[in-house]
1. Sort 302-308, 393-399, 337-343 by packing, meaning the average of other beta carbons within 10 Å per residue, with the highest value first.
2. For the stretch 178-218, which trypsin sites (Lys or Arg not before Pro) pass both filters: DSSP loop (anything but H, G, I, E, B) and at most 15 other C-beta atoms within 10 Å?
3. For the residue pair Glu301 and Lys215, what label-to-label distance in nm results when each label sits 7 Å from Cα along the Cα-to-beta-carbon direction?
4. Which of Asp90, Asp222 comes first, and how do the rest follow, when ranked by fewest Cβ neighbours within 10 Å?
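What follows is calculated from the coordinates using simple rules that are stated; it is not laboratory data. Since this is a predicted model, take the numbers as computed values, not measurements. Cβ atoms come from the backbone with ideal geometry, glycine included; neighbour counts cover every protein chain shown.
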Amino acid sequence: MRGIGIGVVTVLPLLFGVACGGTSKADDPNESIGNAGQGGEAPVAETESGDSATPIAGSIDRSGYPVAGVTVVVDGVEAVTDEKGAFSFDSVAKEYDLLVLDHGSIHIYQGLTTRSPRLASQHNADSSTENEHGALISGALSGGAGVPAPDHRAVVAFTASSPYSTSSAVFFDDSSAYSLITRWSGAAQVTGELFGLQWAVADGNPSEFTGFVRKTLTLDDDDNQQTDLVLTTDPGETRIDGKLTLPSGAGEITAMLELALAPTVGAVPLVIHEGEFSVVAPDIDMQASLFVNARLGTKGEAGYSSASVPRPKTGAWQVTLPDAPTLVHEDGSSTFAWTGMPAHSVASAYFRLGESWVTISTTRSSIRLPDLSKYGVSNATDASTEWGVFGLGPANNTDELLELNAAMNSKPADVAYWQVRSGY
C-alpha cells in the first residue's frame, strides 16, 4: 500500500508486478497449465494451430534486484531462475500461459505473447537478499522558515537508485531532529541523496514551499551516520487548479502530491474533495504527479479506486477515478466472474486457498480455478473463500501492461495510470 510519506512506491497489489492479459490459447485455463510442474520434453516447434514456436527468455526481480530460485512453468516444462533472476524456454507457442511459484504463492499469467517477460516479484521475504544491508541516518534540520516553525511541516529522506535503497519517511513539525533507517541490497556500500523539504500548511494543504536541500551521502552496512541538513534554497511554487471526479459511492479519500526521486517517490499529503480543487507544487527539478485513492465500501472490504496523473504542462489537473468491478460467484463453484471492469484494464483475480495465495491475470471477465493440488493447494471453495479482483490500466494486452508496469517501477511520477479493486 502507498504510505503518506517519502519512500518506496509499492503499487497496490500487483503481486508479481504485472497483471497479464490476452486470451488464452485454450478456452479452459487448465488446458495450458494442467501438467505444470511435471517437467518433460520441450514442446514441438509448431503448435496445433500452426503457429511456429520460438524461444523466450525472461527475468524476475525484486526492487530492481534479481531473484534466484523461483520456479517458472510453461506448458508443463519447468525452469528455475538463476543468480541473475533469469529463466528461459527453448520452444514456446506464440501465445502462452506462464505459472510462477514463489514462496508458496502461485501466479498464473494467461495469454502472454512477449518473448522477454520481465516480472517484478513483490514477495516480502525477510530471509531473502532484499534489503540485506541497512544504516541509520540522523541529525538536525535547520534553515528555511526555521525548524520547527509554526504551521510548517518538513520531511527528510534518503534515496539511491543503484543499488536500489528504501528509506522510511520522517515527517516532523515540532522538532528539528530527524532519524531514519535506510535499507538496500547488493554491495555493502551505497551512495545516494539525502534531501529535506519544508512547506507552510493552510487548511491541510501546502500553501508555499519554504526550504529545500539535497546532499550526496555514502553509507556502509550497519553505518550510524550523523548528518545535519540546512535548508538553503527557497524553491518557490506553482499553483495548479484541477478537478476530481469520483465513482458513485466513493468514501474516504487519500491524496498525495508525489515528487519523483528515481526510482522512489516522495509524497506530500493533500486534502482535496470531489469537484474543483487548487494545489501548489514546488518549483524543483523533480517530476510531480497527483495520486488520489478512494475507498469503495460497496465493493468489499478492500474495495478502492485510485489514479495517478502527472503534472500537466499547461491547463488544469484532471483526475478521474473509475468504478471498480462487481464480483459474481456462486457458493461451491470453481468459476469466478466479475462485471464492470474499466475499459483498457487488465484483470487479476486473487484467492486465499488455505495457506496459499493464488492469482490469475487475464483479459477475460471470468476464470475457473485450475487443479493446483500438485503444489499442495486445495481448490475447495465456499461462501467464505477470500477472493477479489483488481484491474490496472491503461493496458489493452499483456505486452502493454508489461511496459506500463516497467515504467511505473522506474519513473512512477512520470506515468499516468489507474487501479481498481473489489473483494477482500
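1. Details: 302-308: 23.0, 393-399: 19.4, 337-343: 16.7.
For the peptides 302-308, 393-399, 337-343, the packing ranking is 302-308, 393-399, 337-343.
2. Hits after loop and neighbour filter: nothing returned.
3. With each label placed 7 Å out from Cα toward Cβ, I get 4.5 nm.
4. Ordered by Cβ neighbours within 10 Å, fewest first: Asp222, Asp90.
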